[in-house]
Amino acid sequence: MKRSNKVIITCAVTGSIHTPTMSPHLPITPDEIAEQAIAAAERRRLEAKEAAVAAKLAAERAAAAKKEATRARAQAKKSQRASGPRGNG
């Protein structure tokens with residue numbers, strides 16, 4: 001299944017039940033609300049890009065680890081064949 005690169009962002013810019021008396025950072029005017037919403041979207045977009053890069057690096061590391069494990073298993077089998085069968089004592 002093909003993964004989508006689309007991201008859905010939700011943000012409660014004006015809070016939920018908060019009032020201006022609870023926080024001086026709560027946007028009140030339409031301009032403040034728009035500023036905060038745009039800033040939040042930009043931060044999330046950057047975070048999403050960073051997460052995508054981190055996921056790609058993790059996948060590359062996992063693939064490299066799997067390749068190394070396969071190589072090590074093959075080398076171990078080759079070593080066992082070269083040393084011959086083991087006796088029961």
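With the charge dipole of the chain set up from +1 on Lys and Arg Cβ and -1 on Asp and Glu Cβ about the Cα centre, the Cα lying farthest toward the positive end among the listed residues ALA37, PRO24, GLN80 is that of GLN80. By the beta-carbon count within 10 Å of each Cβ, the least crowded to most crowded order of MET22, MET1, fewest first, is MET1, MET22. The trypsin sites (Lys or Arg not before Pro) found in the chain that occupy coil by DSSP, while having at most 12 further C-beta atoms within 10 Å, are LYS2, ARG3, LYS6, ARG86. Using just its DSSP H runs of length 4 or more, each adding -39500 (n - 2.57), the chain gives a mean residue ellipticity at 222 nm of -23000 deg cm²/dmol after division by all residues.
Can you tell me the relative contact order of the chain? Whole percent, Cα pairs under 8 Å, sequence separation 6 or more. Once normalised by length, the contact order is 19 percent. Residue-wise HN-Hα couplings along segment 20-27, as the Karplus relation 6.51 cos²θ - 1.76 cosθ + 1.60 with θ = phi - 60° gives them from phi, are x, 6, 8, 7, x, 8, 6, x Hz; Gly and Pro carry x.
Seen from VAL7, the other residues with C-beta closer than 15 Å to its C-beta sum to a net charge of +3, counting Lys and Arg as +1 and Asp and Glu as -1. Relative to the longest principal axis of the Cα atoms of the chain, the long axis of helix 30-83 lies at roughly 0 degrees. Around the Cα centre of the chain, unit charges on the Cβ atoms of Lys, Arg, Asp and Glu (plus for the first two, minus for the last two) sum to a dipole of about 1520 debye. Select one label from [x] 101; [y] 224; [z] 186: the one whose number is volume of the Cα convex hull per residue in Å³ as derived from the coordinates shown. It is the value labelled [y]. For the chain, modelled as a GNM with alpha-carbon contacts under 10 angstrom, which of ILE28, ILE17, ILE38 fluctuates the most? So, out of ILE28, ILE17, ILE38, the one fluctuating most is ILE17.
Just so you know, all these numbers are worked out from the coordinates, no wet-lab data involved. Not measured: the values here are computed from a predicted model. Using ideal geometry, Cβ is built from the backbone for each residue, glycine included, and neighbour counts are taken over all protein chains shown.
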